[in-house]
Amino acid sequence: MNNNFIKYLYGIADNSLILGQRLGELTGHAPSLEVDIALTNISLDLFGQVRSYFQYAAQLSEDDITEDDLAFLRTEREYLNVLLVEQPNTDFAYTIARQFLFDHFHMLLMTEMQKSKDETLVAIAKKSIKEVSYHKRFSSDWIKRLGDGTEESKQRIQKAVNDLWRFTDELFHTTEADEAMIKEGIAVDVKMLKDVYYKNVNEVLETATLEVPELKYFQKGGKEGIHSEHMGFLLNDMQYMQRTYPGMKW
Amino acid sequence: MSEKEVKNLEEIFEAKIARDEKIEPKDWMPEKYRKTHIRQMSQHAHSEIVGMLPEGNWISRAPSLRRKVALLAKVQDEAGHGLYLYSATETLGISRDELYEQLHSGKAKYSSIFNYPTITWADIGAIGWLVDGAAIINQVPLCSTSFGPYARAMVRVCKEESFHQRQGYEIMLTLCNGTEEQKQMAQDALNRWWWPSLMMLGPTDDASTHTEQSMKWKLKRKTNDELRQQFIDQTVPQADILGITVPDEDLKWNEETGHYDFGEINWDEFWQVVKGHGPCNKERLQTRVNAWENGEWVRDAALAYAEKQSERKVKQAI
């Protein structure tokens with residue numbers, strides 16, 4: 001059980017870790033100071049959540065490990081985040097579309113996680129849900145601004161949503177570890193969130209005067225540790241210090 | 001307005017400053033006072049947002065989750081400082097867009113220190129310790145400067161800066177208590193950041209053009225040389241605690257003066273960087289310009305959306 005639980009935690013935590021890392025790349029480069037501050041805020045929230053999950057995972061683990069070992073010293077195949085969150089900051093439209101598609105999922109996940117049998121997960125969910133509900137509002141508002149803004153912004157956000165749509169289905173996949181933890185009443189059965197997710201997302205897209213993409217083929221793999229080519233470069237940056245100077249305290 | 005009336009207003013203005021009362025945006029002020037404040041405050045705001053870049057450079061590579069979160073929060077604080085300094089400057093009748101334009105065209109300056117590269121993690125510690133340390137010495141007197149919006153902004157800025165300074169020093173302390181390699185990294189950072197930090201306190205008094213007027217308006221309370229001495233006196237004992245050496249062979253405690261004597265500053269380097277030829281001047285400015293230009297369509301969209309929304313509201317009201 002322990003091993004499955006830890007894997008389940010990696011899955012949730014890695015989503016926040018990798019998305020937080022992506023957002024951190026943007027600090028100092030946003031279209032306005034206000035947006036810069038907001039994106040950094042979201043990144044900070046996500047890293048705060050990561051620390052809660054990893055500290056908990058380290059505590060559950062039989063090995064003598066820390067939150068930083070988990071964040072910085074796994075191999076690429078051991079990260080279990082979905083493909084969506086590792087996609088690059090192509091432009092502000094992609095940043096917002098990625099955030100929006102993730103936030104709506106994250107909100108549902110945190111809502112359900114409050115019903116977990118595990119008290120620590122419940123506590124993390126209760127704290128996170130306030131943050132995630134702000135993230136969701138921020139990204140949904142920007143979807144509307146860009147969709148119903150200028151001709152250019154509409155084209156750009158539509159393209160970003162269309163491109164990233166192929167990664168949404170994976171949000172609702174479950175791994176063996178997930179299934180085992182669902183049976184225990186600890187994990188959220190994300191399969192059950194799919195319909196309401198698309199309903200919510202589509203509603204915002206329609207308000208934003210955007211088309212809901214019609215897609216038959218989706219991408220997957222992140223949850224099994226099979227990532228896109230972007231992931232290695234992201235890890236290269238993120239793990240640089242820990243890999244270059246092993247075993248030191250910072 | 002007659003000459004006599006202007007003279008009268010000037011007298012009221014001077015008397016206010018002499019009584020340590022604040023000048024507020026709607027008060028009458030001499031044109032030179034307004035221009036000087038726009039120059040200095042916007043320069044300060046620009047320094048905050050350009051200053052985000054050398055440190056932001058290390059967010060993606062921070063060595064631990066705790067350090068990453070602290071660095072993100074620090075750089076975010078700087079964005080916040082920029083935001084309220086720009087807002088305070090706007091009360092003097094200039095828009096934020098105009099101020100950006102001055103930065104991007106190279107007309108407005110920002111603190112030269114940010115034109116040096118951050119090449120190791122220890123640089124993040126050294127910037128917090130030395131650069132924020134020097135900034136605090138520069139800025140604490142501004143909390144009681146004569147222009148109200150600036151003074152009030154500075155109270156908050158200084159509180160956060162002093163937190164950043166302690167954080168930077170703590171990074172240095174961790175490195176100096178670490179492995180030999182880490183200690184060397186800390187020493188190397190001190191070697192590279194020491195002299196530029198001394199330069200941050202401005203040209204020597206005899207070469208400083210604005211000092212006299214700024215003293216009168218309480219934009220300055222001490223001269224550059226006095227501030228520099230204060231910085232050195234305060235910082236050298238901190239380096240001793242870290243067990244690393246300040247890269248100045250002439251640095252020596254002087255019993256008679258009660259201050260440290262120190263070596264010659266390379267002012268040629270200072271002026272070279274001020275004039276735009278430092279190691280990263282081009283990159284810093286280009287990065288700001290790129291962020292601004294790449295964000296144009298986003299700002300346009302936000303504006304267009306806001307206009308559509310308010311039109312809809314008007315229609316609904318009818």
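No value in this document is a laboratory result; all are computed from the given coordinates. Nothing here was measured: the structure is a model prediction, and the numbers come from that model. Note: ideal-geometry Cβ built from the backbone for every residue, glycine included; neighbour counts use all protein chains shown.
Note on region A:2-244: with charges restricted to the Cβ of Lys and Arg (+1) and Asp and Glu (-1), its dipole about the Cα centre is near 480 debye. Residues whose amide H comes within less than 5 Å of that of B:ILE23, counting only those at least five positions distant or on another chain, are B:PHE147, B:GLY148 (H built at 1.01 Å from N in the peptide plane).
Ordering B:ASN138, A:GLY225, B:GLY148 by Cα displacement along the dipole of the protein assembly as shown toward the positive end leaves B:GLY148 in first place; charges were set at the Cβ atoms of Lys, Arg (+1) and Asp, Glu (-1).
Using the alpha-carbon positions of region A:2-244, Rg (one decimal) and Dmax (whole number) come out as 17.2, 56 Å. Helix A:119-147 and the longest principal axis of the C-alpha atoms of chain A enclose an angle of approximately 20°. Listed by chain and number, the lysines whose alpha-carbon sits under 23 Å from that of A:LYS249, ignoring those within fewer than 8 places in the same chain, are B:LYS68, B:LYS74, B:LYS183. Give me the Debye-computed log₁₀ of I(q)/I(0) at q = 0.10, 0.14, 0.16 Å⁻¹ for region A:108-250, equal point scatterers on Cα only, no solvent, two decimals. Summing over Cα pairs of region A:108-250 leads to -0.50, -0.94, -1.12. Taking the number of Cβ atoms within 10 Å of each Cβ as an exposure proxy, the fewest-first ranking of A:THR209, A:THR40, A:THR90 is A:THR209, A:THR90, A:THR40.
Treat every Asp and Glu Cβ in region B:165-318 as -1 and every Lys and Arg Cβ as +1, leave all other atoms uncharged, and give the resulting dipole magnitude about the Cα centre to the nearest 20 debye.
1480
For every other residue with a beta carbon closer than 11 angstrom to the beta carbon of B:ASP123, add +1 if it is Lys or Arg and -1 if Asp or Glu, then tell me the sum. Taking every Cβ under 11 Å from that of B:ASP123, the sum is -1. Over the protein assembly as shown, the fraction of Cα-Cα pairs per 20 Å bin, rounded to whole percents and listed from the shortest bin up, is 19, 46, 29, 6, 0. The modelled label-to-label distance for the pair B:ASP250/B:ASN177, using points 7 Å beyond Cα in the direction of Cβ, is 3.6 nm. When the C-alpha to C-alpha distance is required to be over 21 Å, the pairs from A:LYS144/B:LYS308; B:LYS32/B:LYS218; B:LYS22/B:LYS107 that qualify are B:LYS22/B:LYS107. Across all Cα pairs in region A:147-220, the calculated P(r) in 5 Å bins from zero up to the longest distance comes to 3, 14, 20, 20, 15, 11, 8, 5, 3, 1 percent per bin. Between the Cα long axis of helix A:151-164 and the first principal axis of chain A there is an angle of about 30°, rounded to the nearest 10.
The spacing between region B:150-222 and region A:1-37, judged by their C-alpha centroids, is 32 Å. Could you please report the charge total around B:LEU83, scoring K, R as +1 and D, E as -1 over all other residues with beta-carbon less than 12 angstrom from its beta-carbon? So the surrounding residues net to -4.
With both labels modelled 7 Å from their Cα along Cα-to-Cβ, the A:GLU229 to B:GLU264 distance reads 5.6 nm. Averaged over the residues of peptide A:36-45, the number of Cβ atoms from other protein chains lying within 10 Å of each residue's Cβ is 5. Dimensions of chain B based on its C-alpha atoms, expressed as ranges along the principal axes with the largest first, amount to 74, 52, 32 Å.
The mean number of partner chain beta-carbon atoms within 10 angstrom of a residue's beta-carbon across peptide A:20-28 is 6. Rounded if a/c is under 1.5, else prolate if a/b beats b/c, else oblate: with a ≥ b ≥ c from the C-alpha gyration tensor eigenvalues square-rooted, which is region B:121-217? Verdict is oblate for region B:121-217. With a Förster radius of 51 Å applied to the beta-carbon distance between A:ARG74 and B:GLU296, the computed FRET efficiency rounds to 0.80. Karplus-based coupling profile of region A:167-174, in residue order and whole Hz: 9, 6, 4, 4, 4, 9, 7, 10, with θ = phi - 60° in 6.51 cos²θ - 1.76 cosθ + 1.60 and x standing for Gly or Pro. Dipole of the protein assembly as shown computed with +1 at Lys/Arg Cβ and -1 at Asp/Glu Cβ about the Cα centre; of B:GLY278, A:ASN15, B:THR174, farthest Cα towards the positive end is A:ASN15. Think of each Lys and Arg Cβ as +1 and each Asp and Glu Cβ as -1; about the Cα centre, that makes the dipole of the protein assembly as shown roughly 1580 debye. For the Cα trace of region B:173-318, dividing Rg by the Kirkwood Rh returns an Rg/Rh value of 1.22. Dipole of region A:191-250 computed with +1 at Lys/Arg Cβ and -1 at Asp/Glu Cβ about the Cα centre; of A:ASN200, A:MET248, A:LEU234, farthest Cα towards the positive end is A:MET248. Excluding same-chain neighbours fewer than eight residues apart, the lysines reachable from A:LYS223 by a Cα-Cα span under 16 Å are A:LYS7, A:LYS191. Taking a point 7 Å out from the Cα of A:GLU203 in the direction of its Cβ, the residues of region A:116-132 whose backbone N falls within less than 18 Å of it are A:132.
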